[in-house]
Amino acid sequence: QVQLVESGGDLVQAGGSLRLSCAPSRNIFYVDVMGWYRQAPGKQRELVATITRTGSTNYADSAKGRFTISRDNAKNTVYLQMNSLKPEDTAVYYCNMKDWLQAYWGQGTQVTVSS
């Protein structure tokens with residue numbers, strides 16, 4: 001039974017920065033892709049960024065140039081550095097990790113960006 005635990009969400013002013021982190025409560029033997037998703041009120045969950053084990057990244061258009069995803073393979077930890085935050089970034093942010101069998105999700109961390 002593995003849980004992903006996110007941290008770092010907070011209330012910030014527009015233009016501010018946050019760094020989110022996520023790690024499993026128990027070891028996941030092999031993690032291929034790690035990612036961050038978000039869900040705003042009244043919206044569907046959407047992809048923010050992903051990173052492969054070798055470091056290849058992919059970003060949603062809304063995140064490009066502002067967000068940076070990174071990972072520590074030794075600790076199975078994924079990070080999301082968020083700069084120049086906008087009110088439209090307000091959402092619950094979820095991390096995701098995939099091994100060869102399934103995907104794991106965290107319970108989310110709230111990010112609120114005020115005007």
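The values are calculated or read from the model by the stated rules, or taken from the named source; none is laboratory data. Predicted, not measured: the structure shown is a model, and the values here were computed from it. Neighbour counts run over all protein chains shown; Cβ positions are idealised from the backbone, glycine included.
Details
- ARG71 satisfies every condition listed in (1) free of Cβ contacts under 8 Å to residues at least 24 places away in the same chain; (2) closer than 22 Å to LEU101 by Cβ; (3) among the basic types (Lys, Arg) except (1).
- Selection status of ASP32, modelled with pLDDT of 95 or more and of a type in the set (Asp, Glu): no
- Screening THR50 against (1) farther than 18 Å from GLN110 by Cα; (2) in contact (Cβ under 8 Å) with a residue 60 or more places away in the chain; (3) among the β-branched types (Val, Ile, Thr) leaves a single unmet condition, (2).
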